[in-house]
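A short reminder: the numbers here are calculations on the coordinates, not readings from a lab. Remember, it's a predicted structure, so these values are computed and weren't measured experimentally. Please note: Cβ atoms are built from the backbone with ideal geometry, for glycine as well, and neighbour counts cover all protein chains shown.
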Amino acid sequence: MSVPRFVVGIDLGTTNSVLAWVDTQGPDLDPEAPAIAVLPIPQLVKAGVVEPRDALPSFLYLPAEGEMDAKALALPWGAPEHVVGTLARARGAEVPGRVVASAKSWLCATGADPSRPILPWNAPADVPRLSPVAAEAAYLAHLRAAWDAAMPAPLAAQEVYLAVPASFDAVARELTVRAAEAAGLGGARLIEEPQAAFYAWIAASGGAWRREVRVGDVILVCDVGGGTTDLSLVSVGEEAGALVLERRAVGDHILLGGDNMDLALAHAVRARLAETGTALDEWQLRGLVHACRQAKERLLGADGPEQETVLVLGRSRKVVGGALRTEVTRAEVERTLVDGFFPLVAADERPRSPRRAGLQEIGLPYAADPAITRHVAGFLARHREVAPEGPSAVLFNGGVTEAARLRARLTEALDAWRGAAGAVRVLAGADPARAVAVGAAAYGLARRGRGVRIRGGTARAYYVGVEAAAPAVPGVPAPVKALCLAPFGMEEGGEVELAGTELGLVVGEPAEFRFFGSSVRRDDLPGTVVEGWGAGEIEELRPLETTLAAEGEEGRTVRVRLSARVTELGTLELWCVARDGGRRWRLEFNVRQAA
Amino acid sequence: MSAGRVASVLVLALVVAGADWLAVADPLRACAPCLAWVVAGPFVLALLALAILRPAAPPPAAAPAPPPPDTPALDLLAALQDEGRLVDFLTEDIGTYSDAQVGAAVRGIQASCRKALEACVKLEPILRGAENEPVTVEAGFDPGAVRLTGNVTGRPPFRGVLRHAGWRVTGVTVPARQGCDARVIAPAEVELP
């Protein structure tokens with residue numbers, strides 16, 4: 001097969017998706033500063049109006065019967081199966097029960113099966129539903145159609161890199177690849193988002209990045225987007241005179257971002273208005289959230305004004321008579337957002353856990369503690385061995401970090417934690433709204449040998465549960481030991497087989513294994529058995545299952561060994577390998593069952 | 001009855017009549033009425049058949065209402081209303097509101113209408129100079145694009161003061177609305193409890 005002409009990076013974001021590309025046959029492709037372009041994506045912006053936008057909002061709307069004329073939903077490449085993008089987001093705000101949002105976060109939420117039609121969550125009974133995987137596939141299918149309509153060669157035949165949160169475990173990565181397959185992009189490879197942001201920074205620097213980092217640096221990539229916060233640590237080393245970058249640690253999936261801040265400010269303003277006897281309805285609150293977002297951006301920008309007017313126009317035809325107006329001061333934003341979300345905390349503070357209610361609603365596990373600085377402190381403490389003095393540099397990404405004041409506050413916290421080790425250096429980031437897509441494409445070029453690569457491998461070690469031999473006690477689950485199957489940092493294409501451990505599996509009968517992952521135990525080797533671990537050290541993921549199929553051998557016991565492989569796409573495959581004859585059976589993630 | 005159907009039927013009759021003529025012209029030469037009947041008969045039959053066997057009338061087409069001829073103008077108005085609430089603003093009686101109330105609302109309306117206008121229409125001034133500064137209007141100017149006021153005498157070039165630089169549209173990109181009634185500038189909104 002010939003080498004694809006285009007290298008494409010896709011940021012399949014929680015709230016916005018972006019596609020960036022580079023033509024490898026283009027004239028004078030400079031590997032130090034490649035010309036990576038963002039594809040304008042035609043999409044419905046209102047019923048009947050198609051316009052190109054740089055980002056496709058990751059929202060999917062399910063119209064009621066007869067709600068919209070089919071002609072009003074047509075796209076340049078034909079009638080779409082689902083309404084996605086700007087119109088879906090706008091309509092979804094008006095009809096919340098019919099919109100699918102944050103589908104991506106459902107891929108790694110363990111409360112429900114992401115391959116079953118469960119979204120929109122809590123929708124009325126007559127609303128059709130689809131699975132988080134199908135929703136992600138719909139966004140990818142739209143991007144693919146937009147590409148195919150605009151570019152000279154089909155997207156399916158190009159080299160596609162799909163950015164996923166660094167916090168995605170093996171199961172969520174596998175589900176992302178399934179969504180890509182459903183969208184006809186079966187060959188898409190995965191890259192971690194903070195790494196992509198780092199590649200974008202390298203590509204934007206035009207080679208100057210080598211002067212901005214030093215050997216021994218540990219760089220915190222802090223990506224605060226609309227709905228999620230994603231953290232990684234990248235270290236700088238040296239080998240044979242050349243700088244070597246390595247991704248050393250990744251954080252958890254934190255459902256906390258700019259949307260929370262806009263809501264917090266709007267609620268503060270609403271409470272103030274309520275004191276003066278002005279009650280806002282839901283529609284006005286939405287307008288207020290939007291107005292607060294704009295006010296926030298101006299007030300927190302460099303040299304922002306002391307106060308901003310926040311205006312919500314009248315909903316009826318009385319646009320002037322029904323208008324509400326109030327002032328938001330910088331002090332108020334400072335109190336609500338800067339101190340509320342970025343308090344200066346001690347290095348040993350941890351995110352506060354939610355108070356456990358007796359009956360918990362299943363849903364997305366939104367972060368209980370809004371303080372992003374506490375989440376960062378917790379992350380750095382867990383990976384203290386990577387950066388004992390704290391990170392020496394920071395690269396910001398995500399829309400929230402566009403606000404100069406918030407960057408300054410985060411930097412202030414990092415400085416305080418480093419103490420005598422000296423101030424943290426801020427690496428001037430690229431355009432945060434596009435960096436992940438652009439960086440994913442830059443990663444593709446780096447893989448072709450055009451540019452430096454970040455080493456890293458898998459961001460977790462993976463384990464299967466082995467029940468410890470212990471006397472049965474009613475009401476107490478048998479203690480479980482974790483047998484390391486795949487070590488931390490396994491490189492793409494790498495394969496390990498557990499030589500010492502043999503299991504007897506019965507042909508024709510389903511076998512199930514408990515499955516665990518750890519982002520902190522970086523020294524466990526395949527075959528290591530871990531007995532007892534601290535909270536958050538090893539986390540249970542969805543179980544693994546397989547059914548050994550072998551014609552005519554039903555009931556026979558086969559001796560197998562477990563083996564793990566990291567695929568070219570970046571997913572983890574687990575296999576049972578028969579000791580005799582070398583037959584293999586793939587272990588599948590059982591997503592039907594909560595972990 | 002379409003001319004095409006008549007023509008094709010007459011061609012068929014002509015073929016039959018021609019064949020009749022070749023076959024029986026000699027034997028029937030003595031009987032002129034017989035010959036006339038044999039040759040003219042196919043034409044008579046064809047026309048009768050045409051009259052009796054009328055084609056099934058096509059179902060009355062659900063004639064799509066032709067779009068109003070001024071659709072682009074309506075689309076522009078819809079864009080200004082949708083983005084900037086312009087129609088609501090221009091039709092509202094603002095006489096009873098305080099200046100502060102009007103002022104606050106107008107800031108919002110102006111900002112969003114401006115955004116909508118910039119998205120739909122590209123504008124440039126007709127004369128480049130700064131307003132309230134001296135300007136020269138050269139000979140051969142377009143009287144439709146430059147309006148002279150005050151003491152207009154003599155011949156160009158005219159020297160005067162630029163009072164208004166004018167506006168010219170250099171590009172229009174009004175988003176076309178598909179599958180909607182162009183006359184609907186803003187749909188009525190009904191909230192279900």
Self-check item: Packing-based ranking, highest mean first, of A:11-19, A:413-421 given that Cβ atoms within 10 Å are counted
Solution: A:11-19, A:413-421
Practice problem: With a Förster radius of 60 Å, plug the Cβ-Cβ distance of residue A:316 and residue A:528 into 1/(1 + (r/R0)^6) and report the FRET value to the nearest 0.05. | Solution: 0.35
Quiz item: Antiparallel DSSP bridges in chain A: what percent, to the nearest 5?
Solution: 80 percent
Quiz item: Lysine pairs, Cα distance under 24 Å, 8 or more residues apart or cross-chain: how many in the protein assembly as shown?
Solution: 6
Self-check item: GluC sites (Glu not before Pro) restricted to DSSP loop in segment B:117-193 with at most 14 other C-beta within 10 Å
Solution: B:131, B:138, B:189, B:191
Self-check item: Likely footprinting exposure, B:83, B:133, fewest C-beta neighbours within 10 Å first
Solution: B:133, B:83
Exercise. Measure nothing but the geometry: give the 0 to 90° angle between the long axis through the Cα atoms of A:282-299 and the longest principal axis through the Cα atoms of chain A, rounded to 10°.
Key: 90 degrees
Quiz item: What does the convex hull of the Cα atoms of chain A come to per residue, in Å³, rounded to a whole number?
Solution: 202 Å³
